Amino acid sequence: MWGVWALLKISLEISPERRSSLRSSGSGGRMDSLPEAVLIRILAFIPAVDLVLVCRLVCCQWKNLVDGAALWILKCQQEGFAEEEPAEEADNWQMFYFLNKRKRNLIKNPCGEEDLEHWGDVANGGDGWKVEELPGDFGESFPSDGVHKYFVTSYEWCRKSQVIDLRAEGYWEELMDTTQPKIVVKDWYAGRRDAGCLYEFSAKLLSEHEDVLAEYKSETIAIPEDNDGSWNEASHTFSDYGPGVRFICFEHGGQDTLFWKGWYGVRVTNSSVMVEP
């Protein structure tokens, strides 16, 4: 294998003029003579950015392989993004790979581990927002591991939001304008078993100048006083939203319905915004 890697390194370092000279003289045919399936397996070990920015420029054969589906299907399989026999055919396997590599929660501090850090436009109605440990008084444990805290509202409306800069998070303009990947927003909310509360969440897709291009707003959800304290998921998926999306604004909030001093309002945690392949 070292010999193959050496050939690959040489091919990347040789100037285009020298490569052309070697091909015409028959001296540089060792890489060209490799079966395409073998070359694809070699290229699949190279970081994706180098494939696009470097390897694609080596020669027409490599350009065709980097632009084709087979190489990216193999990379997706190697990293667990696709099964050995993919159940679904992606429209663009290269984009599918890059979106999977970048896939993560774009909301910072979703569970209150850093108090209200990263949250803006904070409205502290009543006694304001507070962070508490799960499960809390008259509450229930969160349905999955890794979530240990939640935000809780008070007796007047509390609200907070985050604005996500897609370019700063690695989602460039052409990707958002042409591929228009799905944008999935989720939130989890719960009430205390001994108090009723209200809850809302919304999300907006914004342009460069923060014009609203698409918007979702939940109904005001009323949780009765005799609720079971269980956690519920709210979600919305944006798709086919058109070009120009540069920011995502996530907002949620609520209050209690008994107007008790303290923190008896809706509880929220594990908020997420993800750009999906």
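Working only within the stretch 118-133, note down all residues that are in contact (Cβ under 8 Å) with a residue 40 or more places away in the chain and of a type outside the set (G, A, S). Before you say what the answer is, go through the steps one by one.
Our first condition is that a residue be in contact (Cβ under 8 Å) with a residue 40 or more places away in the chain; within the stretch 118-133, this holds for 118-121, 123, 125-127, 130, 132.
H118, W119, D121, D127, K130, E132 - these are the residues of the stretch 118-133 that are in contact (Cβ under 8 Å) with a residue 40 or more places away in the chain and of a type outside the set (G, A, S).
Tell me, which residue of the stretch 140-161 that is farther than 18 Å from S272 by Cβ and in a loop (DSSP other than H, G, I, E, B) is most open to solvent (accessible area, probe 1.4 Å)?
E156
Just one of N232, N227 is under 24 Å from F151 (Cα atoms) and open to solvent by 30 Å² or more (accessible area, probe 1.4 Å); which is it?
Details: N227 fails: open to solvent by 30 Å² or more (accessible area, probe 1.4 Å).
Unique residue meeting the criteria: N232.
Would you check if E251 is on the phi < 0 side of the Ramachandran plot and open to solvent by 20 Å² or more (accessible area, probe 1.4 Å)? Step through it out loud before you land on a result.
Working: on the phi < 0 side of the Ramachandran plot: yes; open to solvent by 20 Å² or more (accessible area, probe 1.4 Å): yes.
Yes, satisfied.
Give the residue that is nearest to W129 (Cα to Cα), with candidates limited to residues of the stretch 166-207 that are of a type in the set (A, V, I, L, M, F, W, C) and part of a loop (DSSP other than H, G, I, E, B). Steps first, answer last, please.
First, the residues of the stretch 166-207 that are of a type in the set (A, V, I, L, M, F, W, C): 166, 168, 172, 175-176, 183-185, 188, 190, 195, 197-198, 201, 203, 205-206.
Of the ones still in play, those that are also part of a loop (DSSP other than H, G, I, E, B) are 166, 168, 172, 195.
Details: L166: 27, A168: 28, W172: 35, A195: 17 Å.
Here the answer is A195.
This table checks each residue for (1) farther than 26 Å from E113 by Cβ; (2) open to solvent by 40 Å² or more (accessible area, probe 1.4 Å); (3) not assigned by the TED database to the domain that holds G146.
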{"position": "D240", "(1), (2), (3)": "yes, yes, no"}
{"position": "V245", "(1), (2), (3)": "yes, no, no"}
{"position": "V266", "(1), (2), (3)": "no, no, no"}
{"position": "T269", "(1), (2), (3)": "no, no, no"}
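Considering each of W93, W129, W119 in turn, give the residue that is in contact with a Cys (Cβ under 8 Å, 6 or more places away or on another chain) and more than 28 Å from T178 (Cβ to Cβ). Outline the logic, then answer.
Values: W93 fails: more than 28 Å from T178 (Cβ to Cβ); W119 fails: in contact with a Cys (Cβ under 8 Å, 6 or more places away or on another chain).
Checking each option against the conditions leaves just W129.
Restricted to the stretch 217-253, and to residues that are more than 18 Å from the chain's Cα centre (by Cα), assigned to a strand (DSSP E or B) and hydrophobic (A, V, I, L, M, F, W, C), which residue is farthest from D137 (Cα to Cα)?
The extreme case among them is I221.
So in the stretch 225-268, with the set limited to residues that are of a type in the set (V, I, T) and out of contact with any Gly (no Cβ under 7 Å at 6 or more places or on another chain), which one is nearest to E156 (Cα to Cα)? Explain how you work it out, then say what you get.
Residues of the stretch 225-268 that are of a type in the set (V, I, T), as a first pass: 237, 245, 248, 257, 266, 268.
This time we only want the ones that are out of contact with any Gly (no Cβ under 7 Å at 6 or more places or on another chain), so: 237, 245, 248, 268.
Working: T237: 30, V245: 33, I248: 26, V268: 16 Å.
Top of the filtered list is V268.
Would you check which residues across the stretch 100-139 are over 30 Å from I73 (Cβ atoms) and either β-branched (V, I, T) or not in a loop (DSSP other than H, G, I, E, B) (or both) and list them? Steps first, answer last, please.
Filtering the stretch 100-139 down to residues over 30 Å from I73 (Cβ atoms) leaves 107-139.
Selection gives I107, G120, D121, V122, A123, N124, K130, V131, E132, E133.
Among the residues of the stretch 58-74, which ones are open to solvent by 60 Å² or more (accessible area, probe 1.4 Å) and in contact (Cβ under 8 Å) with a residue 24 or more places away in the chain?
Going residue by residue through the stretch 58-74, those that are open to solvent by 60 Å² or more (accessible area, probe 1.4 Å) are 60, 63-64, 67.
Selection gives D67 alone.
Only residues that are open to solvent by less than 60 Å² (accessible area, probe 1.4 Å), outside any helix (DSSP H, G or I) and within 17 Å of D67 (Cα to Cα): list them for the stretch 31-50, please.
The first filter runs over the stretch 31-50 and keeps only residues open to solvent by less than 60 Å² (accessible area, probe 1.4 Å), leaving 31, 34, 39-40, 42-44, 46, 48.
Then drop every residue that is not outside any helix (DSSP H, G or I), which leaves 34, 44, 46.
Passing the criteria: A44, I46.
The values are calculated or read from the model by the stated rules, or taken from the named source; none is laboratory data. Not measured: the values here are computed from a predicted model. Because the Cβ atoms are built from the backbone with ideal geometry, glycine has one as well, and the counts that use them run over all protein chains shown. Surface areas here come from the heavy atoms of the whole protein model, side chains and all, with no ligands, DNA or RNA. Shrake-Rupley method; radii C 1.70, N 1.55, O 1.52, S 1.80 Å.
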